[in-house]
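Undergrad: Encoded as structure tokens, here's the structure I'll be asking about.
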Amino acid sequence: MNIAILASGRGSNFEAIVRAVKRKKLKGAKVKLLITDRKDAYVRIRAKKLGVKDIFVDPKKFKTREGFDREVVNILNREGIELVILAGFMRILTPYFVKKFKNRILNIHPALLPAFKGTDAIERAYNYGVKVTGVTIHFVDEKVDYGPIIMQKALEIKERESLEELEERIHRLEHKMYPEAISLFIKGKLKIRGRHVKII
Ligand code: GRF
């Protein structure tokens, strides 16, 4: 299955997925390309190092968000992409994009949805003083951080744990969970029924 990863920043999830494929932990998966919307994103350096084709799509070249998404969808179609993985992609997909890849777009969120939707979720959860937080992987639909949930794992925040330590533990968990969820998708084990995702 041909996969494209869309990312805007650091790219640690991108790297975890590519390494899982290289270690044969993701049978049948091929990470064909990385698409970024930021020219100087660190994830591009990782892509070069790992030998993954990377394409920068410049948002400044498009008048509308849909214009940008149309360009991305064209690239995905041209490359024969069957599964789209969002990994720190800092843009909201338009309905046009979501329809074109219906039920074939996954996202990871560093909190237990529906809590702490949006950006800086780890920090906001930490500052809120929650005792439990975690990671969510879900299908992407038209609403932000909303689509049917595939997998969630919780972490208890330790007494006197710093924000940095928590971030580190969340990211480690993400790197383990994302390849697992992708593997379930590739094996055809995820069945969506309304908001519920059954693992068969
Ligand atoms: C991750 O925490 C992910 O959950 C969120 O953005 C962050 C991306 O990190 N959507 P990285 O770029 O993969 O290191």
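Every number in this text was worked out from the coordinates using simple rules, so none of it is lab data. Because the structure is predicted, anything quoted here is derived from the model rather than measured. Don't worry about glycine lacking a Cβ; one is built from the backbone with ideal geometry, like all the others, and counts go over all protein chains shown.
Undergrad: Name the residues of region 137-154 whose amide N is less than 15 Å from a point 7 angstrom out from the Cα of Lys187 along the C-beta direction?
TA: Those under the cut-off are 151.
Undergrad: I want to verify a result. In a Gaussian network model of the chain, Cα cutoff 10 Å, which of these has the top mean-square fluctuation: Asp54, Asp120, Asp145?
TA: Asp120
Undergrad: Shifting gears a bit: What number, rounded to the nearest 500 deg cm²/dmol, is the helix-based mean residue ellipticity at 222 nm of the chain, given -39500 (n - 2.57) per DSSP H run of at least four residues and division by all its residues? Kindly include the intermediate steps, with their values, before the conclusion.
TA: Numbers: 6 runs with 72 residues, N = 200.
Mean residue ellipticity at 222 nm (helix-derived): -11000 deg cm²/dmol.
Undergrad: Amide H of Val197 versus every other amide H placed in the peptide plane: which residues, excluding those fewer than 5 positions away on the same chain, fall under 5 Å?
TA: Ile149
Undergrad: Still on this structure: Between Ile199 and Arg19, how many nm apart are label points set 7 Å from Cα along the C-beta direction?
TA: 2.2
Undergrad: Taking H as built 1.01 Å from N, whose amide H comes closer than 5 Å to the amide H of Phe89, not counting residues under 5 places away?
TA: Correct list: Ser8.
Undergrad: Another question, then. So what's the angle, to the nearest 10 degrees on a 0 to 90 scale, between helix 163-186 and the longest Cα principal axis of the chain?
TA: That helix lies at roughly 50 degrees to the long axis.
Undergrad: Once phi is turned into ³J(HN,Hα) by the Karplus curve 6.51 cos²θ - 1.76 cosθ + 1.60 with θ = phi - 60°, what whole-Hz value does each residue of region 22-34 show in order, with x for glycine and proline?
TA: 4, 7, 6, 8, 10, 4, x, 9, 10, 7, 7, 6, 10
Undergrad: Further question on the same structure: Testing the spin-label approximation: label points 7 Å from Cα along Cα→Cβ at Arg10 and Arg65. State their distance in nm.
TA: 2.5
Undergrad: Roughly speaking, what is the stretch gain from Val132 to Val144, that is 0.36 nm per residue apart minus the C-alpha to C-alpha distance, in nm to one decimal? Walk me through the intermediate numbers first.
TA: On the way: separation 12, 0.36 × 12 = 4.32 nm, distance 2.21 nm.
That pair, Val132 and Val144, stretches by 2.1 nm at full extension.
Undergrad: Also: With the radius of gyration and the Kirkwood radius both derived from the Cα set of the chain, what is their ratio Rg to Rh?
TA: Numbers: Rg = 16.4 Å, Rh = 17.2 Å.
Dividing the radius of gyration by the Kirkwood radius yields 0.95.
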